[in-house]
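Values in this text are rule-based calculations from the coordinates and carry no lab data. Remember, predicted model here, so these are calculated numbers, not experimental data. FYI the Cβ positions are ideal-geometry reconstructions off the backbone, even for glycines, and counts take in every protein chain you see.
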Amino acid sequence: MNTTYETVIGLEVHLQLRTETKVFCGCSTKFGSRPNSQTCPVCLGFPGSLPVLNEKAFLYSIKAALALNCAIQSLVKFDRKNYYYPDLPKNFQISQYDMPLSYNGSLEITSGGDRKRVRIKRIHLEEDAGKLTHPAKASYSLVDFNRAGMPLLEIVTEPDISSPQEAYDYLTALKAILQYLRISDCDMEKGSLRCDANASIRKSGEKKLGVKVEVKNMNSFRWVREALQYEADRQVSLLEAKENIIQETRLWDAGKMATISMRSKEEAQDYRYFPEPDLVPFMVEKTIIEEIRKALPELPEARTNRFVKDYSLSEYDAKILTSQIDLADYFEECAKQYENKKTIANWITCDIMAQMNIKNSGIIELGVLSKNLIGLLEMIDSQEISGKTAKDVLIEMIETKKNAYEIVESKGLLQISDRERIDQIIKNVLSKNGKSVNDYKNGKKNAMTFLVGQVMRQTQGKANPSIVNEILKKHLAE
Ligand SMILES: [Zn+2]
């Protein structure tokens, strides 16, 4: 029945900027410190304290806005968003309302093989709220104001996304760009990247938007996709049953794999926005914007294209390698030291990335230096180890941080490529296995597999398989 409906999705991403200090005061932004140890009269909202804008946070915001093709507002103005909640010490949040820092941007993504342009409505700078925790079974809640006043960039799309998978692909592409800009850790687990979604459905072909439901509390891109799928299905069932969809905010419960009603959705007027009187509006000089634009790094898509062109990689490999800036840097470091770029790409996209997945770590934390990976590849090339042994050696390299040669040496893994020695061993095996030799000569070709197995057994698997095959065939043909 889904075929007669279409999903309309808009996403709101909150990105914590990687600055040393908070956005309107000098408190540290360090993660994981003792609760309420990074606070001051400004971020605690004491009467008489005055905010001062963090220049770096502001420049980072412009950088993100330009990378996402936004127009920059020439006059910068902040507003107060008023609401009462225990995590907000001032009872208002400094944000931007009617004149966001930047607007009318776009991000081109690839989803299911199709290209799609997602329009970005606005990007603005604001401060984060504190963090509430609710200890189990306690009759109280705790609040940590270390997060209050952290610089936050809000990136809002137009409702251009038309499936949960597209939302996932948009977020993946956006995260890659933000990482390339090196303005944030983009770590969802630490909360430095958060995403809320608006979802509605309508009959296919209809122009009018359906009733919009906001979904929160999704702490991975995968949950965003699951939650949106659940929400689309839920809304379709309601319409099919001729029931109303209520405009509300719903929370994703990953345990139940369902969204749960939280509250009816606020409208902008509920927040009683007004200009922040303690921060005077100011003009942004065009020269500053142009300087930032010129200094923008090569972004993921451009790098993908360059990898295809310069290293003759497939687009598929190039995309995987450039999906994370550190991985792309690592590949290029390796490429400087080794001729066969395709081999490097294979090792990184298969074996290394498999280990990154298992260990849930980035390439840097994995600890395989580029020169050590190349050392391993060179040992395969010189036939000192087989490709199969090399895979085990790589895992050992990650565990012990030793280089390939040290491991191969200490474990006695060196491959036997000495033709005379292999010839001796084969002669010995053939003399003991006359029956298999006869079987082979009588047309039972799988006797060959048995004989190769015997040679490998005699050498504890260290004989070079291609040399074994070659010499064995020669003898059998005699
Ligand atoms: Zn402070």
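At a glance:
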| read-out | value |
| --- | --- |
| Residue-wise HN-Hα coupling along the range 77-86, computed from phi with Karplus coefficients 6.51, -1.76, 1.60 (Hz; x: Gly, Pro) | 9, 10, 10, 9, 9, 8, 7, 10, 7, x |
| Trypsin sites (Lys or Arg not before Pro) within the range 243-303, DSSP loop, no more than 13 other Cβ atoms inside 10 Å | Lys256, Arg272 |
| Spherically averaged projected area of the range 1-88 from its Cα convex hull (nm²) | 10.3 nm² |
| Unit charges on C-beta of K, R, D, E only; dipole of the range 347-478, Debye | 700 debye |
| Along principal axes, Cα extents of the chain, largest first, whole Å | 95, 55, 52 |
| 0 to 90° range, to nearest 10: angle between helix 164-180 axis and the chain longest Cα axis | 90 degrees |
| Amide H partners (placed H, <5 Å) of Glu276, local residues excluded | Phe78, Asp79, Arg80 |
| Cβ-based charge dipole, the chain, positive-most Cα from Leu376, Tyr330, Ser141 | Leu376 |
| Among Ile467, Ile426, Val42 - extreme Cα towards positive end, dipole of the chain, charges at beta-carbon | Ile426 |
| The range 419-477: relative contact order as a whole-number percent, Cα under 8 Å and 6+ apart | 40 percent |
| Dipole magnitude (debye, nearest 20) for the range 317-368, charges at Cβ of Lys, Arg, Asp, Glu | 140 debye |
| Ordering of 59-67, 190-198, 138-146, 38-46 by packing [mean C-beta count within 10 Å, highest first] | 59-67, 190-198, 38-46, 138-146 |
| Between helix 419-432 and the chain: long-axis angle, C-alpha atoms, 0 to 90°, nearest 10 | 70 degrees |
| The range 357-478, relative contact order in percent, only Cα pairs under 8 angstrom and at least six apart counted | 22 percent |
| Rounded to 10°, Cα long-axis angle of helix 370-381 versus longest principal axis of the chain | 30 degrees |
| Listed peptides 25-31, 80-86 by packing density, highest first (mean Cβ within 10 Å) | 25-31, 80-86 |
| Relative contact order [Cα under 8 Å, 6+ residues apart], the range 297-411, whole percent | 19 percent |
| Size of charge dipole - the chain - debye, nearest 20, with Cβ of Lys, Arg +1 and Asp, Glu -1, no other charges | 1120 debye |
